[in-house]
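Here is the structure we will look at, set down as structure tokens.
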Amino acid sequence: MVSRYRPATKEIIHYSANACLLPLCQLHGAAVTTVEGIGSTKTRIHPVQERIAKAHGSQCGFCTPGMVMSMYTLLRNRPQPTMEDITETLAGNLCRCTGYRPIIDGCRTFCQETNCCQTNGSGNCCLDGGKMYSFLLISQEKPQLFDREEFLPLDPTQELIFPPELILMAETASPRTLTFHGERTSWVFPTSLEELVRLKTSNPEAPLVMGNTNIGPEIKYKGVVHPLIISPTRVTELFEVTQTPQGVWLGAGCSLSEVRSLLEKLVPQFPDEKTELFKALIQQLGNLGSQQIRNVASLGGNIMSAYPNSDLNPVLAAGNCKLSAISSGELPTMVISDFFVSFGKTVLKPEEIVVSVFIPFSRKWEFVRAFRQAPRKESSFATVTTGMRVFFSEASRVVQDISIYYGGMGPTTVSAARTCKALIARPWDDEVLSRAYDVLLDELALPPSEPGGKVEFRRSLTLSFLFKFNLEILQKLREAVGLCSSLKKRTKSDLDPVGRPIMHRSAISQATGEAVYCDDVPRTDGELSLALVTSSRAHAKITGLDASEALRIPGVVDVITAKDIPGTKVLTMFGYDEELLAEKEVSCVGQIVCAVVADTRAHAKQGAAAVKVSYEDLPDPIFTAEEAIEKSSFFEPRRMIEKGSVTEAFKSVDRVHEGEIRVGGQEHFYMETQSMLVIPIGEETEFNVYVSTQWPTFTQGTVAKMLGIPSNRVTCHIKRIGGAFGGKITKTSILASIASVAAWKTNRAVRCVLDRGEDMLITGGRHPLLGRYKVGFMNDGSIVAADIQCYINAGNAVDESIQVTEKILLHIDNVYNIPNLRASCAACRTNLPSNTAFRGFGVPQSLIVIENIVDNVAAVLGRPADQIREINMYKGKSVTHYKFEFSPENMLRCWDECKAKSDYSARRRDVEQFNQQHRWKKRGLSIVPIKYGIASFYFPVRHIYGSVLVTHGGAEMGQGIHTKMQQVASRELHIPPSQIYISETSTSTVPNTCPSAASFGTDSNGMAVKNACQTLFQRLQPIREKYPKGSWKSWVNAAFFEKISLSATGFHRGPDLHMDWDKMEGQPYAYYVFGACCCEVELDCLTGDSRTVRTDIVADIGRSLNPSVDIGQIEGAFMQGLGLYTLEELKYSPSGLLYTRGPSQYKIPAVCDMPLQFNVYLLSDSHNPHAIYSSKGIGEPILSLGSTVFFAIKEAIAAARSESGLVGPFPLDSPATPERVYLACASPFTQKIPVSKPGSFKPWALNI
């Protein structure tokens, strides 16, 4: 939080900001408050920190400090906020673990509706009224997930005061020019407009920086260097606001938040007819960036950026706004509509400066509207934006004047001048507008290879927006969020913590910023930073590597190449070698070629940029699955499984349907990027490796092999991980090995923390899948035969792709008993970065293939999809296609309960009625089941020490494994959890760990901890019998003096699981997790935007060890699945470069994507003899149920298509982005757009 004192008004303002974009030198005169400053466990924690923690809103914890500070800043400005305030405040914060529900749950307790039932964590919200979020967990019984009465009260009088010396400095100090000098850049802060003009005149190329939201990313991510930067934040003329009879002049330096606040204050002061433009701008400002961005970005800077897809510029241009610019004393005025000339360019000369912007009042009979479509509803660059203004002759329908401007339809903001001319002096009716659509289509043409792609979609949106304008449909700000939570009561001992909603054991320290992650480990003397040099070619020979220029950069110590690796230079998996550092050839863009170590991270990055690698391109790179199939480029073995006689069965079916579906890849987007610190001990080649990994033993072994030393010389330490989702196993071991080689060569500690962009470029993600199928079925809906071929895009290295193909095939049946089933799956070898494990491990791709088949069977027969699902489900004693017997009873119970809890039948009728009554909005309702296999490994030793220190082999990454192990030890030792401590996961204490993955972490570690505790407790039995009234502490002391060992080890072997792929049979899983999900969505057919209205999930997770943790896992997994199937899209250039390398291009779900009503139910009376205390693994299974949203969208599309006379199956690939959804709706506007013939142009992006 940044706080400043304004001498003119004598007020103190507080605002949140992104630390990564805020230059330190711009904070002169400001007070900065971080999460450590508002409370700590050593003093007192702040109510915000406490409530987020105790409401279970912190899992991995990496995003928690940001959530805390956003909310803290809001409370400093509004101690009793509304729900709209809260959700808007958190819109700029991202979380990958929780699904946001518990975060909102905790923050909501500050809501001004103090008597709202929501703030107590239980019951339906009295404020819902169709607007608020309602979150039910299990039943309306208590106890709830948290008790509001336990919370510390918020007392605004106890907050930190603004430093008096800063007030004194601001009021007494005479303004003077400030200059800050860095290694390569100087920042100058002039104090007057005259001085600013002089500086800019003498340095015309020096950029002006106010909020640093445009220049900052260029410097940080593109390596742009500006020798001089001018920051006019102290020039008061740039912040003046002047009201005139014609409108209002706003200083160009005003932040976008200030502009919005000012316009909101002006709107109620004038008649509605005068504030049309104000309201349109307020609407756009609410969607532009996040609150943290708007707090610092300036109005003038936003205009001057001249972004092609600007949110504000089309509205300002359409509204006849003006701006004044100064140069050499002159202050000319120009209209914004004539201001933009090309990409990022305006009519201003380099030395000219925008001083103020004029926003006029609207007139009677004048209407202004703004529309936008973006990949995500909030905090996302727009795909297409528009500002439209029409002025009618008084009391008539005749258009006197009209202006229409679009963003996202060319290199700059463009005017639809010919379209406007076709409308002027004509009546506003369907006939005239119909002609206008044709003119607009011709006027705003885009070539098929236009940068940004989505050409058909963008052109269609221009027509849709004009149609929306015609209907005067106003886009409203996002609706507020409210939450309710309650749990089914369980009867148990007050001491026994198992089964209770116990707070994550690290939640408080994560909320206070005291939690230590890998990059928080203090620097050591002589420590170096490592930066990577990656390939810029997808398929090429390395002909030269010149590091001489890099080595001349001050601070650069060395360059690490493949020749420096003292041990094994490759990582071997499934018989394929993957080079740590490419030596002779590269096979993808982003492959690591070498690394640079330097005294600082900045110097290391400069050095990496200076390394020159020369290439000789090799022919015919392979990027897509189709190309790999054509050239037979696969990783072997290719798997196949068959049940029954598929070929014969197809001869006897009533109907046959064939089709295909694509499932896009997904980026892990863990909050903490790949991080590691390698410290050479100095004696006998020992290394301490502090690393963010899910499998410390694998990293330990890989590092040892690369260094050519025994693995007992390498110790891996993991305190906690800031999210992983499968992405911190193989890739992490490679990166840690490179850092270890650098540490070995330099004999100094080496730290490597990847930037988000390079992390996304290098590490891969979920495998994209191409599924082709042929299905035979009877007229009654029973599926008799299915032949399915799946192809996953593995990338340039095998990684874990073979195992992914196997899991895809083992789950290809989902819950359906198909008597004749044949399925094959191949891992395609391509020239993209290799993909790896990701939460669900192939099941999310497998499930959507089989569910799409079932969905299309229903469409062919014209029957509801849920009926076809029920007809084909396993029933009674069942056998899978790999000959494994199981009972589907709990699966059928989940299905039936989900239909009942969601009121499916009644809502089905409501959806049909809604669709009959609405032409341009449609709803869809879908229900999807799941059967998910949980496997196990041999599980390692766990230690329990006399001081009740527990160590185990699981890595804490937000899933609450430490908390659950604490609960297990507490039950078995009969002591409170507070007496049990878990420090870290280390290969020195648990040398044979298994990966924390595949949802079996609690199963394995819990059983081993239980085993160790029972051993220890049994040893103490003679002491307990001798001193029956003693305490745990007295028993332990007595045992010590009686020479009884107070440490114990535990081991859990797990069941023997196997799969014989030659015989196509086996028992690959210990048990199944079942579930069902019902989702309802509402679709805007004119933009492709959709909203999840309600979600109901019933999950069979056995007997939950910790309902708050497990429900958090369910919600977080579902939201990650929602992202996979509807939102997250990876884009690659035709040369194989990943375009989407950061949060501005790649959109994960945010607060705005939460279902308006989210109900989670845990199946009662479920038992599981194969896991600890009859629980079940829950981390992965529910992610696949995010597909329910996909199929609900698909149903809504079908309703839209029926308006155009289109019925039956239609293709829809995943993710169901607004672009795909809009085009699938086949509206009259879509059908106007000519489709370019594939092969006739070079696409902007590949269809991976």
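The values are calculated or read from the model by the stated rules, or taken from the named source; none is laboratory data. Since the model is a prediction, treat every value here as computed from it, not as a measurement. No Cβ is skipped: glycine too gets one built from the backbone with ideal geometry, and neighbour counts run over all protein chains shown. Keep in mind that these areas ignore ligands, DNA and RNA; they rest on the heavy atoms of the full protein, side chains included. Shrake-Rupley method; radii C 1.70, N 1.55, O 1.52, S 1.80 Å.
Which far-off residues, 5 or more places away or on another chain, put their amide H under 5 Å from the one on Asp558, with H placed in the peptide plane?
Val597
Hey, which of these cross-link pairs are over 30 Å Cα-Cα: Lys200/Lys322; Lys1029/Lys1176; Lys883/Lys1176; Lys10/Lys220; Lys220/Lys1131; Lys265/Lys468?
Too far apart for the 30 Å limit: Lys1029/Lys1176; Lys10/Lys220.
Quick one: which of 871-884, 337-350, 457-470 comes out on top by average Cβ neighbours within 10 Å, and what's the full order, highest first?
457-470, 871-884, 337-350
Local charge sum around Arg418 (other residues, Cβ-Cβ under 13 Å, Lys/Arg +1, Asp/Glu -1)?
With Lys, Arg at +1 and Asp, Glu at -1, the net is -1.
For Leu1163, what residues show an amide H to amide H distance below 5 Å, using hydrogens built from the backbone and excluding near sequence neighbours?
Ala1099, Asp1100, Ile1101
Would you please classify the overall shape of the chain from the alpha carbon gyration tensor, given that a ≥ b ≥ c denote the square roots of the eigenvalues, rounded means a/c under 1.5, and beyond that prolate means a/b larger than b/c while oblate covers the rest?
rounded
Rounded to whole Å and sorted largest first, list the principal axis extents of the Cα atoms in the range 291-421.
46, 40, 28
For Lys220, project a label point 7 Å along Cα to C-beta. Then give me every residue of the range 656-692 with its amide nitrogen under 12 Å of that point.
none
Calculated FRET efficiency, Asp1062 and Glu658, Cβ-Cβ r, R0 30 Å, to nearest 0.05?
After rounding, the FRET efficiency stands at 0.55.
Which parts of the range 587-615 would a label at Lys631 reach, counting a residue when its backbone N lies under 20 Å from a point 7 Å out along Cα-to-Cβ?
Once the point is set 7 Å along Cα→Cβ of Lys631, 587-592, 615 turn out to lie under 20 Å by backbone N, inside the range 587-615.
At most 13 other C-beta atoms within 10 Å and a DSSP loop state: those are the exposed GluC sites (Glu not before Pro) I care about. Give me the longest piece of the chain that has none.
685-1041
Mind listing the phi-derived Karplus ³J(HN,Hα) values for the range 437-446, rounded to whole Hz, using 6.51, -1.76 and 1.60 with θ = phi - 60°, and x for any glycine or proline?
4, 5, 5, 4, 4, 6, 6, 10, 8, 10
Give, as a single signed number, the net charge of other residues whose beta carbon lies under 14 Å from the beta carbon of Pro427, with Lys and Arg counted +1 and Asp and Glu -1.
Local net charge: 0.
If I take every Cα pair under 8 Å that is 6 or more residues apart in the range 354-472, average their sequence separation and divide by the length, what percent do I get for the relative contact order?
Working: 168 pairs, mean separation 21.8, N = 119.
Over the range 354-472, the number comes to 18 percent.
Go ahead and run the numbers for FRET between Lys651 and Arg601, Cβ-Cβ distance against an R0 of 45 Å, rounding to 0.05.
Once the sixth-power term is evaluated, E becomes 0.10.
Once phi is turned into ³J(HN,Hα) by the Karplus curve 6.51 cos²θ - 1.76 cosθ + 1.60 with θ = phi - 60°, what whole-Hz value does each residue of the range 890-897 show in order, with x for glycine and proline?
Couplings: 5, 5, 5, 5, 4, 4, 5, 5 Hz.
Could you tell me whether the range 427-476 comes out rounded, prolate or oblate from its Cα gyration tensor? Rule is a ≥ b ≥ c as square roots of the eigenvalues, rounded for a/c under 1.5, then prolate if a/b exceeds b/c, otherwise oblate. Present the calculation step by step, with values, prior to reporting the outcome.
Details: a/c = 4.22, a/b = 1.54, b/c = 2.73.
Because a/c hits 1.5 or more and a/b fails to exceed b/c, the range 427-476 counts as oblate.
Counting alpha carbon pairs within less than 8 Å and at least 6 residues apart, what relative contact order, in whole percent, applies to the range 1012-1081?
Relative contact order, the range 1012-1081: 26 percent.
Less than 17 Å apart at the alpha-carbon level, and either on another chain or at least 8 residues along: which lysines does that give for Lys774?
Lys643, Lys651
Would you compute, from DSSP H runs of 4+ residues alone, the mean residue ellipticity of the chain at 222 nm, taking -39500 (n - 2.57) per run and dividing by the full residue count, rounded to the nearest 500?
Mean residue ellipticity at 222 nm (helix-derived): -9000 deg cm²/dmol.
5 Å is the cut-off here: which amide hydrogens, built 1.01 Å from N in the peptide plane, fall below it relative to Glu1065, excluding neighbours closer than 5 in sequence?
Asp1060
Mind checking the log10 I(q)/I(0) for the range 1093-1201 at q = 0.23 Å⁻¹? Debye, one equal scatterer per Cα, no solvent, two decimals.
-1.21
Could you tell me what percent of the accessible area of the range 297-413 is made up of carbon and sulfur, with a 1.4 Å probe and every protein chain present?
C and S fraction of accessible area: 55 percent.
Which whole-number percent gives the relative contact order of the range 736-858, counting Cα pairs below 8 Å spaced six or more residues apart?
28
Solvent-accessible area per residue for the chain at a 1.4 Å probe radius, Å²?
Here the per-residue accessible area is 37 Å².
Calculate log10 I(q)/I(0) of the range 694-753 for q = 0.13, 0.16, 0.17 Å⁻¹, where I(q) comes from the Debye formula with a single equal point scatterer on each Cα and nothing for solvent.
With no solvent term, the Cα-only Debye profile gives -0.32, -0.48, -0.54.
Given the Cα-Cα distance of Thr685 and Gln1014 and 0.36 nm per residue of separation, how much length would full extension add, in nm?
Details: separation 329, 0.36 × 329 = 118.44 nm, distance 3.88 nm.
Length difference between fully extended and current span is 114.6 nm.
What pairs from Lys364/Lys421; Lys584/Lys705; Lys569/Lys807; Lys454/Lys1147; Lys901/Lys922 go past 19 Å between their alpha carbons?
In this structure, Lys364/Lys421; Lys584/Lys705; Lys569/Lys807; Lys901/Lys922 exceed 19 Å between Cα atoms.
Treating cross-link reach as a plain straight distance, find the aspartates and glutamates whose alpha-carbon is under 18 Å from the alpha-carbon of Lys274, omitting any fewer than eight places away in the same chain.
Glu264, Glu366, Glu394, Asp401, Glu472
Over the chain, what is the percentage of antiparallel beta bridges among all DSSP beta bridges, to the nearest 5? Present the calculation step by step, with values, prior to reporting the outcome.
Details: 148 of 180 bridges.
Within the chain, antiparallel bridges account for around 80 percent of the total.
Output ³J(HN,Hα) for the range 808-825: one whole-Hz value per residue in order, computed from phi by the Karplus curve 6.51 cos²θ - 1.76 cosθ + 1.60 with θ = phi - 60°, and x for Gly and Pro.
Values per residue, Gly and Pro as x: 4, 5, 5, 10, 5, 7, 6, 10, 10, 8, 9, x, 10, 9, 10, 9, 10, 8 Hz.
What net charge is computed for the residues neighbouring Ala325, neighbours being all others with C-beta under 14 Å from the C-beta of Ala325, Lys and Arg scored +1, Asp and Glu -1?
-2
Based on the alpha-carbon gyration tensor of the range 744-873 and its eigenvalue square roots a ≥ b ≥ c, which shape applies: rounded if a/c is under 1.5, prolate if not and a/b is larger than b/c, or oblate?
Cα axes put the range 744-873 in the prolate bin.
Which aspartates and glutamates have a Cα lying under 20 Å from the Cα of Lys222, excluding residues fewer than 8 positions away in the same chain?
Candidates past the 8-residue exclusion: Glu183, Glu205, Glu549, Asp755, Glu758, Asp759.
Using a 1.4 angstrom probe on heavy atoms only, work out the carbon and sulfur share of the accessible area of the range 794-839 in %.
Within the range 794-839, the accessible surface is 34 percent carbon and sulfur.
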